[in-house]
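What follows is calculated from the coordinates using simple rules that are stated; it is not laboratory data. Note that this is a predicted model, so its numbers are computed, not measured. Glycine also receives a Cβ, built like all others from the backbone with ideal geometry; neighbour counts cover every protein chain displayed.
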Amino acid sequence: MNFLRNFSIYIIVLISTAQASYSFTGPNSFSDLAERLSPSVVNISTTGTVKTNQNSQPSLEDFFNFPFNVPRQQQPSERTVQSLGSGFVISEDGYIVTNNHVVENATDITATFTDGLKLEAVLIATDKETDLALLKVEPEKRLPALSFGDSDSAKVGNWVMAIGNPYGLGGTVTAGIVSARGRMLGGRYDNFIQTDASINRGNSGGPLFDLDGNVIGVNTAIISPSGGSIGIGFAIPSNLAKNIIDQLQTNGEIERAWLGVRIQEVSDEIAQSVGLEKTYGALVQGLTPDSPALKDGIQEGDIIIEFNGQEVESVKTLPRLVAGAEIGRPAKVLVWRNEREVMLNVNLGKQPSLDELAAIESNDNSVFIKELGIKVRKLSNDDKSSLKLATALEGVIITELSQDSFLLRQNISPDDIIIEIQNRPVKSGSDVLSIIKDVVADGKENVLIVFYGGPNTRKYIGAKLSLD
């Protein structure tokens with residue numbers, strides 16, 4: 001009995017000692033930090049019109065609880081939507097960062113500060129790929145601005161604090177830790193910081209701070225079966241956000257580097273069959289025509305295992321690494337080929353738009369111009385031969401017309417050739433896309449199209465654009 005009594009005491013002492021060695025060392029309070037930073041965080045409220053489908057299925061936004069939308073009770077084909085979110089000031093003259101999904105389709109945007117000040121905000125530019133948006137307000141006096149910190153220094157277990165506008169309640173402070181890093185939710189450039197700091201609907205676009213008061217993330221999404229926080233929230237890392245916001249502020253758009261490969265996951269079986277020591281990398285299953293990868297030696301069947309010295313952990317990692325590289329600069333691409341490593345230098349290009357990329361990837365290089373209701377492609381030598389055209393003729397040939405195309409009613413048909421639009425020559429589908437984009441951006445609804453009408457003959461048509 002004495003032995004048992006002594007043994008029990010020994011166990012209790014061990015437990016007490018273990019608890020003492022892992023004593024709580026967190027901050028005593030977040031109050032000073034919250035008081036200093038809250039004036040720079042704003043509530044974002046928007047009004048906009050969206051098209052609806054009464055029989056539509058739940059969307060990805062519904063799953064991740066992105067915006068806090070309050071629709072009108074009736075649901076016609078178009079309805080007014082109010083969206084509530086958060087944002088934060090990054091410059092004293094009034095630039096504000098938020099999420100794209102908070103302001104998407106918005107016609108009116110208002111930023112409300114902690115002191116009750118309301119300012120109308122103008123949308124400067126957005127990037128849907130990373131779900132970021134840049135707004136601008138015109139304050140009468142200098143605003144308190146926040147600074148981006150180094151998100152790479154935010155280690156798992158570090159304390160973080162979030163400020164936002166959950167459920168429209170106004171400035172709300174929550175705290176937690178960095179739960180994980182490098183989370184991917186389905187986007188091409190995902191690299192989220194995961195946190196258990198309480199984030200709810202309306203927190204979208206708000207800042208995630210470190211204990212020095214630097215913004216290390218932009219709160220964006222939660223996973224929750226109930227619609228409320230269950231401690232799984234995601235923030236865009238500040239190092240990614242700062243680069244995107246700088247481009248939006250400087251250029252109004254995002255330019256990303258382009259490699260030009262179609263890739264798939266490397267399975268355990270594939271890794272073993274080609275002699276890889278572990279399962280990682282991105283398998284090249286195809287190469288885009290005229291792409292940097294094709295020009296500089298990447299081959300189908302290669303497994304890209306490193307990009308600019310960084311390991312390609314999976315097929316999801318490579319797009320993010322490429323997008324973050326410099327356009328026009330050689331990138332070091334390490335591939336696994338014939339059971340050995342091969343280092344290649346690939347001069348990265350500028351990523352084409354989705355429409356341009358679709359045209360490059362399509363078998364006949366056709367591009368669909370939805371505003372004109374036509375498909376066009378570059379006039380080829382085979383076209384010139386079959387249609388008995390001059391070899392020097394340049395333009396695009398129509399391959400299809402939609403039934404509701406304005407040009408169909410003007411007796412335009414497949415095989416007709418466009419040589420100019422708005423007094424600008426067109427030589428490819430990309431040229432047409434670019435011109436139509438500029439026309440729409442200028443607020444115009446009609447374009448002047450010049451068709452080839454025979455040797456030394458032109459046919460002019462004023463076409464009305466379909467902007468639905």
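For this structure, a couple of remarks:
- DSSP H segments from the chain that extend 15 Å or more along their own axis, Cα-based, with Kyte-Doolittle mean of 0.0 or above: 2-21, 429-441
- Compared with the alpha-carbon gap, the fully stretched path from Asp115 to Thr279 is longer by 53.6 nm at 0.36 nm per residue.
- Modelled FRET efficiency - R0 41 Å, Glu400 with Glu35, Cβ distances, 0.05 increments: 0.05
- FRET efficiency, Glu255 to Leu387 (Cβ-Cβ, R0 41 Å, nearest 0.05): 0.60
- Across segment 151-251, the mean sequence separation of Cα contacts (distance under 8 Å, 6 or more residues apart), normalised by length, yields a relative contact order of 25 percent.
- Sorted ascending by nearby beta carbons within 10 Å, beginning with the fewest, Thr130, Thr98, Thr80 become Thr80, Thr130, Thr98.
- Computed from label points 7 Å out along Cα-Cβ, the spacing between Val156 and Glu313 is 0.9 nm.
- The label-point distance for Gln272 and Arg329, in a model that sets each label 7 Å from Cα toward Cβ, rounds to 4.1 nm.
- From the coordinates shown, Rg/Rh (Cα atoms, Kirkwood Rh) corresponds to which of [x] 0.96; [y] 1.07; [z] 1.02: [y]
- Global form of segment 332-468, assessed from the alpha-carbon gyration tensor, a/c cut-off 1.5: prolate
- Relative to the current alpha-carbon distance between Asp415 and Met343, full extension at 0.36 nm per residue lengthens the span by 21.3 nm.
- Modelled spin labels at Ser353 and Thr107, positioned 7 Å past Cα toward Cβ, are 2.5 nm from each other.
- Only DSSP H runs of four or more residues enter the estimate; each adds -39500 (n - 2.57), and after division by the residues of the chain the mean residue ellipticity at 222 nm equals -5500 deg cm²/dmol.
- Using C-alpha pairs under 8 Å with a sequence gap of at least 6, the mean separation divided by the residue count of the chain gives a relative contact order of 9 percent.
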